[in-house]
Amino acid sequence: PNVSLQNKTVLITGAAGFIGANLVKELIKTVSPIHIVGIDNLNDYYDVSIKEYRLGEIEALVDVTENAKWDFIKGNIADKNLIDEVFSKYSPAVVVNLAAQAGVRYSITNPDVYIESNIIGFYNILEACRHNEVEHLVYASSSSVYGTNKKIPYSPDDKVDNPVSLYAATKK
């Protein structure tokens, strides 16, 4: 459904990632007034300086954009107390959960970080949304959940009961 974001606080997890940062910038450019709260753990799965660069771009855009407010929190969505504090302090109306540990191959050698971010972290977001007045939640999954599905294009109605990696299972 179409959700008005004007005059709302939007929480975006994974805000320093490629998709998250571009979403933040697009919302700053197209919705006024808006308050965006971004959270990201800035992990070193790939070069942290890229994430820091994106955050700098967001800061620069907010500086020249009227009626745009931006708060960034360096933190892990698997930290339940932190998530509860964020929801209590900012009362987001809309939550976009893009935070995730990415990478299929990396999940083979580092399974714990996938359980932490993609399952525990997402659970914390779901629980916070359930216990607070959140109008809308958007969750980004992954095409990896479709595994060896041969039907193209994929559909949300497709069966995804046989993940081929831990990453796919955590995103399911």
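The values are calculated or read from the model by the stated rules, or taken from the named source; none is laboratory data. As the structure is a prediction and not an experimental result, all values here were calculated from the model. So basically every Cβ, Gly included, is an ideal-geometry build from the backbone, and we count neighbours across all protein chains shown. The protein model used for the area step is the full one, side chains on, heavy atoms only, and it has no ligands, DNA or RNA in it. Shrake-Rupley method; radii C 1.70, N 1.55, O 1.52, S 1.80 Å.
Here Tyr45, Tyr53 are screened, and the one residue that is aromatic (Phe, Trp, Tyr) and either open to solvent by less than 30 Å² (accessible area, probe 1.4 Å) or free of Cβ contacts under 8 Å to residues at least 40 places away in the same chain (or both) is Tyr53. Counting only helices (runs of 4 or more DSSP H) wholly contained in the stretch 1-120, the ones carrying 3 or more residues that are farther than 20 Å from Leu137 by Cα occupy 48-63, 104-109, 111-114.
Does the stretch 61-78 include one or more residues that are over 27 Å from Glu127 (Cβ atoms), polar (S, T, N, Q) and open to solvent by less than 60 Å² (accessible area, probe 1.4 Å)? Within the stretch 61-78, one or more residues are over 27 Å from Glu127 (Cβ atoms), polar (S, T, N, Q) and open to solvent by less than 60 Å² (accessible area, probe 1.4 Å). Each residue in the stretch 90-142 was checked for being under 12 Å from the mean Cα position of the chain (by Cα) and hydroxyl-bearing (Ser, Thr, Tyr), and 3 pass.
Of all residues in the stretch 90-140, those satisfying the criterion of being among the β-branched types (Val, Ile, Thr) and closer than 26 Å to Ser4 by Cβ are Val94, Val95, Val96, Ile125, Val134, Val138. When residues in the stretch 24-75 are screened for being modelled with pLDDT under 95 and closer than 13 Å to Val10 by Cβ, 0 of them pass. Report, by residue number, each residue of the stretch 86-112 that is touching a residue at least 60 places away in the same chain (Cβ under 8 Å), of a type in the set (A, V, I, L, M) and open to solvent by 50 Å² or more (accessible area, probe 1.4 Å). Answer for the stretch 86-112, where residues must be touching a residue at least 60 places away in the same chain (Cβ under 8 Å), of a type in the set (A, V, I, L, M) and open to solvent by 50 Å² or more (accessible area, probe 1.4 Å): just Val104. On the stretch given as the stretch 85-102, residues that are more than 11 Å from Ile125 (Cβ to Cβ) and at pLDDT 95 or above total 7. Taking the criterion of being modelled with pLDDT of 75 or more, open to solvent by 100 Å² or more (accessible area, probe 1.4 Å) and touching a helix residue (DSSP H, G or I) at 6+ places or on another chain (Cβ under 6 Å), no residue of the stretch 124-172 qualifies. Pairing each residue of the stretch 1-23 that is farther than 14 Å from Tyr45 by Cβ and at pLDDT 95 or above with any residue that is hydroxyl-bearing (Ser, Thr, Tyr) and surrounded by fewer than 21 Cβ atoms within 10 Å (Cβ to Cβ), provided the two are 6+ apart or on different chains, yields C-beta distances under 6 Å for Thr9/Tyr90.
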